[in-house]
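Working notes, structure below.
Read-outs: derived from the displayed coordinates by stated rules, not from any lab. Note that the structure is predicted; figures quoted are calculated from it, not measured. A quick note on method: Cβ atoms are made from the backbone with ideal geometry, for glycine too, and the neighbour counts reach across all protein chains shown.
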Amino acid sequence: MSKALRRSDGTFAPGWRGGGRPPGRRNKLTEVVLQALADDFSLYGAAVIAKIRTEKPTVYLQVAASLCPKQVQTERLSPFSDISDEEMTQLEQLLSAVRARTVRELDELNGTAIELEPSDATQQDS
């Protein structure tokens, strides 16, 4: 890399389009530390977790909470999301007819059915 691309303090000069680590790439020290932690955890992790859980439950819960996502995105899906508007209208009409029939049958069973005269029916619709 050319010295002209960097300032005297080591930072990149204006207009520099490249350089630096790619996003998500760790430096060597971070990789070494993470590997050492992974090795240690594979040997002693379960025992340490059990000890912390019994001796310092507050710390145990803090660690557990820190590993949980801050926000959980959920998507509420309707069981009717895959049917068309026309099918939804037909379903509403069917359910309305079934409900009306059920109410009528229950009224007949309970002896509370009301017979409407044709003139009463037209007044009810308006």
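What's the magnitude of the charge dipole for the stretch 26-67 around its Cα centre, counting Lys and Arg as +1 and Asp and Glu as -1 at the beta-carbon? Answer in Debye, nearest 20.
Magnitude of the dipole: close to 100 debye.
So what's the projected area for the stretch 26-67, the Cα convex hull averaged over all directions, in nm²?
The orientation-averaged projected area of the Cα hull of the stretch 26-67 comes to 3.4 nm².
Would you mind checking which residues have amide H under 5 Å from residue 12's amide H? H placed 1.01 Å from N; only 5 or more apart, or other chain.
Residues meeting the amide H criterion: 7.
Mind giving me the FRET efficiency for residue 72 and residue 37? R0 is 35 Å, r the Cβ-Cβ distance, nearest 0.05 is fine.
Computed FRET efficiency for residue 72 and residue 37 comes out at 0.85.
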